[in-house]
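*Asks:* Structure below; questions to follow.
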Amino acid sequence: MGHQLALHHPVAREIFERADQLLGFSISEICWQGPPERLNDTYYTQPALFTHSIAVLQVFRTLYPGFEPQFVAGHSMGEITALVASSAISFEEGLFLVHHRGRLMKECGEQQPGGMAAVLGLDLPALSQICKEVSEQGEIVQVANDNCPGQIVISGSHQGVARASELALARGAKKAIKLAVSIAAHSILMAPAQQEFSTLVDQINFNDPKIPVVGNVCHTAIFTKEQLREDVKAQLTSPVYWTDSIRYMTERGVRHFIELGSGSVLSGLTKRIFPDAYTYSLGSADDFAHFPAV
């Protein structure tokens, strides 16, 4: 992840080297060499994804210095990447946040084990009602990510997720796929981390964004540092409203979406939310070589 990019673009290598220095361990080695089980540990996954995304951002800015997006947005941890892209916080401050965010979420997962599942083919109101019913029976489960129509992720205790998945299938869902995670992200099981995470967010020097940020929780454009701070705090235990975030942008004329980082998952979700969107995924030197500048 990011190795080819760093070989071809010095500005990307500089980001990885800076991250290694700031973290006190080699995130570049983990990104480039693994092993997979270490890279998939949320303690390392979050700074790895963030560092790679910012490396891609720096390459993009170098190659297209005059490009100015109408909005920036990021899914879950990616919202912190979006803050850096909007100049609301620095790379160093963003890395500080994602490093501790990963640590806190891992600690929560160890203290209060939970899980997540992707439910396909059921709409948000129906699945929200199922989560409400299961929660009223004493289990913990809630909607975590409204990714796109027909794909919603739920999060909570193992029993809560299992029961909600069963009910979803009984009420018409096509599939309920248990995710290979040991944490219940974007659920109240992350509450023990909230106070420390909020304190860390308050330590960061926020600026008003130069580019409006579409928040995960408010799913509308954010123009002030105070609103940004609150949205980032809230997303630890609140759902990611990605469907509404994309619709907010398309309703304001956005047609081209550039995904910076690893893979093309968000591009796929965006096309399902708004089929007329033009999507571009940039994560490697090859991706940039084939990118039709918009």
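Any read-out appearing in this document is the output of simple, stated calculations on the displayed coordinates, not a laboratory observation. It should be emphasised that the depicted structure is a prediction, and the values quoted were computed from it without experimental measurement.
*Asks:* Residue separation times 0.36 nm, minus the C-alpha to C-alpha distance between Ala126 and Tyr43: what's the value?
*Replies:* Between Ala126 and Tyr43, full extension yields 26.5 nm more.
*Asks:* Here's another thing I want to ask about it. Measure up Lys132/Lys178; Lys132/Lys225; Lys178/Lys225; Lys106/Lys233; Lys178/Lys210 against 29 Å on the Cα-Cα distance and list the ones that go over.
*Replies:* Cα-Cα > 29 Å for Lys132/Lys225; Lys178/Lys225; Lys178/Lys210; rest within.
*Asks:* Out of every Cα pair in the stretch 115-181, what percent are spaced more than 16 Å from each other?
*Replies:* 30
*Asks:* Which aspartates and glutamates, if any, have their Cα less than 17 Å from the Cα of Lys271, not counting same-chain residues under 8 positions apart?
*Replies:* Within reach: Asp146, Asp244, Glu251, Glu259.
*Asks:* State log₁₀ I(q)/I(0) for the chain at q = 0.06, 0.08, 0.12 Å⁻¹ as given by the Debye formula over alpha-carbon point scatterers of equal weight, solvent excluded.
*Replies:* -0.18, -0.33, -0.77
*Asks:* Is it possible to state the helix-based mean residue ellipticity at 222 nm for the chain, with each DSSP H run of 4+ residues giving -39500 (n - 2.57), the sum divided by total residues, to the nearest 500 deg cm²/dmol? What is it?
*Replies:* Dividing the helical sum by the residues of the chain leaves -15500 deg cm²/dmol.
*Asks:* Please work out the C-alpha center-to-center distance from the stretch 43-111 to the stretch 258-279 and express it in whole Å.
*Replies:* 18
*Asks:* So, one more: For the chain, give me the percentage of DSSP beta bridges that are antiparallel, rounded to the nearest 5 percent.
*Replies:* 70
*Asks:* Using a Gaussian network model of the chain whose springs link C-alpha atoms within less than 10 Å, name the residue from Val217, Val254, Val232 with the highest mean-square fluctuation.
*Replies:* Among Val217, Val254, Val232, the largest mean-square fluctuation in the Gaussian network model of the chain belongs to Val254.
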